[in-house]
Amino acid sequence: MKAMKSTEQEKEEDLNRKPVTRTRSKKAIWVLVTFVVVAAVLGVVFRASISSWLKDSTRLGQSVEALFKRGEQCREAGNYDCAIENYSRAIAANPEYAEAYHKRGRVYNKMARYDQAVADCNRAIQLKPELAEAYGCRGAGYGLLGKDEQAIADFSRAIELNPQLAEAYSNRGFGYYTIGRYAEAISDFNRAIELAQNADDYVKRGEVFSAQGHLDQAMADFNQAIELDAKLAVAYDDRGLAHLKRNELGAAIVDLDRAIELNPNFADAYYNRGTAHNTALRLDRAIDDFNKAIALNPKFAAAYNNRGVAYVNQGKIELALKDYDTAIELNPEVSDFYIYRALANSKKQDYDKAIDDFGKALTLNPSNAAIYYQRAMVFRGMGREAEARADIRKYDEQSRQEKGVK
């Protein structure tokens with residue numbers, strides 16, 4: 001049996017135990033204090049990091065938006081390199097920025113970089129499938145690449161997404177015009193004009209009327225375009241061409257002069273004015289205008305052809321033949337170029353070449369009755385009367401078909 005401890009012994013043992021117990025409590029307290037301090041410091045650091053991240057994100061958002069707005073300003077000012085640079089920087093900062101891809105694609109179209117335009121608009125559509133304007137942008141790129149059906153499909157999709165998008169109707173109308181679907185083109189231009197009284201749409205509709213031979217309606221549209229925008233060079237050019245088709249040479253030249261005054265780099269206007277001078281037998285002026293058109297557009301096949309016509313009228317057959325060769329090289333699918341070269345060769349009495357060119361013209365345009373008649377005259381000049389009579393019969397048959405006479 002254990003001996004009973006005295007009160008003094010118990011007090012001593014308590015005193016011996018208490019320091020040990022008190023030491024453990026201090027450690028626990030220091031651990032707790034340390035944890036609290038560390039947590040507080042980490043909290044401050046975390047809050048500071050979050051705050052910094054939020055500030056950086058805000059600054060980034062503001063920076064991206066500023067870059068985009070700068071791109072817009074450059075685009076509207078016609079400074080396309082500057083626009084591309086700023087849109088590209090906005091995209092680098094935010095690769096999901098659909099509108100920046102869309103607007104950069106529009107600028108690429110303006111710069112004739114059509115494949116890049118299509119690629120950018122594709123990306124915009126991937127990021128934002130409901131962005132009607134991106135389909136319009138891609139459609140414009142396809143149209144400028146000669147992919148008319150794809151262009152029309154994109155414009156149609158843009159209209160589905162936004163039936164009030166005048167630009168899409170206008171562009172689809174031009175697509176229909178390009179492939180010869182004139183009634184649909186007129187319908188789309190009508191709708192575009194209802195939505196936005198845009199001078200360009202009157203010009204485009206006028207061009208369709210002119211192509212149909214409806215010169216009064218065409219003239220009314222060109223007049224309206226000029227009333228809306230008195231500095232729209234293309235409207236004067238088209239109205240001048242309509243005057244030319246009516247054989248109103250003086251009025252044509254007045255309008256074409258104005259078009260060139262407004263846009264001194266307008267190759268089509270020089271070409272049309274040259275054609276008016278050629279018709280009036282002002283041959284030196286005609287050749288000067290064709291020279292300017294070719295200088296502005298060295299691949300302008302029709303300008304080489306018409307300059308060749310002027311040279312023939314001056315009796316300069318070799319110069320004419322050189323121009324006809326160039327026109328055919330640039331565009332071998334135009335039957336008229338072969339006809340003019342055939343006529344020039346017949347003037348040289350180079351009849352075999354003339355017959356060959358008439359044959360190529362008929363291959364391209366077998367319904368043109370005049371070609372049979374012209375070839376018949378060459379056959380007759382060669383003494384090949386049987387072939388001449390055969391062509392005259394074909395000419396008579398084709399002429400009756402053209403007039404709807406059996």
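The values are calculated or read from the model by the stated rules, or taken from the named source; none is laboratory data. Small disclaimer: the values here were computed from a predicted structure and weren't measured. Here the Cβ positions follow ideal geometry from the backbone for every residue, glycine too, while neighbour counts run over all protein chains shown.
Restrict the check to the stretch 208-227 and report whether at least one residue is out of contact with any Cys (no Cβ under 9 Å at 6 or more places or on another chain), among the acidic types (Asp, Glu) and under 28 Å from Thr279 (Cα atoms). Show your work before the answer.
Our first condition is that a residue be out of contact with any Cys (no Cβ under 9 Å at 6 or more places or on another chain); within the stretch 208-227, this holds for 208-227.
Within this subset, residues satisfying the condition of being among the acidic types (Asp, Glu) are 216, 221, 227.
Imposing the further condition that a residue be under 28 Å from Thr279 (Cα atoms) reduces the set to 216, 221.
Yes; the residues of the stretch 208-227 include at least one that is out of contact with any Cys (no Cβ under 9 Å at 6 or more places or on another chain), among the acidic types (Asp, Glu) and under 28 Å from Thr279 (Cα atoms).
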Checklist outcome for this item: Of (1) assigned to a helix (DSSP H, G or I); (2) out of contact with any helix residue (DSSP H, G or I) (no Cβ under 9 Å at 6 or more places or on another chain), Gly383 satisfies every one except (1)
Checklist outcome for this item: All-but-one check, Ser367 against (1) buried (at least 18 other Cβ atoms within 10 Å of the Cβ); (2) in a loop (DSSP other than H, G, I, E, B), failing number (1)
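Within the bounds of the stretch 234-241, is there any residue that is over 24 Å from the mean Cα position of the chain (by Cα) and surrounded by fewer than 24 Cβ atoms within 10 Å (Cβ to Cβ)?
Within the stretch 234-241, the subset over 24 Å from the mean Cα position of the chain (by Cα) is 240.
This time we only want the ones that are surrounded by fewer than 24 Cβ atoms within 10 Å (Cβ to Cβ), so: none.
Within the stretch 234-241, none of the residues are over 24 Å from the mean Cα position of the chain (by Cα) and surrounded by fewer than 24 Cβ atoms within 10 Å (Cβ to Cβ).
Among the residues of the stretch 80-139, count how many are aromatic (Phe, Trp, Tyr) and either modelled with pLDDT under 95 or under 18 Å from Asn171 (Cβ atoms) (or both). Before the answer, list the steps.
Initially, the stretch 80-139 is screened for residues aromatic (Phe, Trp, Tyr), giving 80, 87, 97, 101, 108, 114, 135.
Going one step further and asking which of them are either modelled with pLDDT under 95 or under 18 Å from Asn171 (Cβ atoms) (or both), we end up with 108, 114, 135.
Looking only at that region, the number is 3.
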Checklist entry - Being within 30 Å of Ala293 (Cβ to Cβ) and outside any helix (DSSP H, G or I), is that true of even one residue in the stretch 353-360? => result no
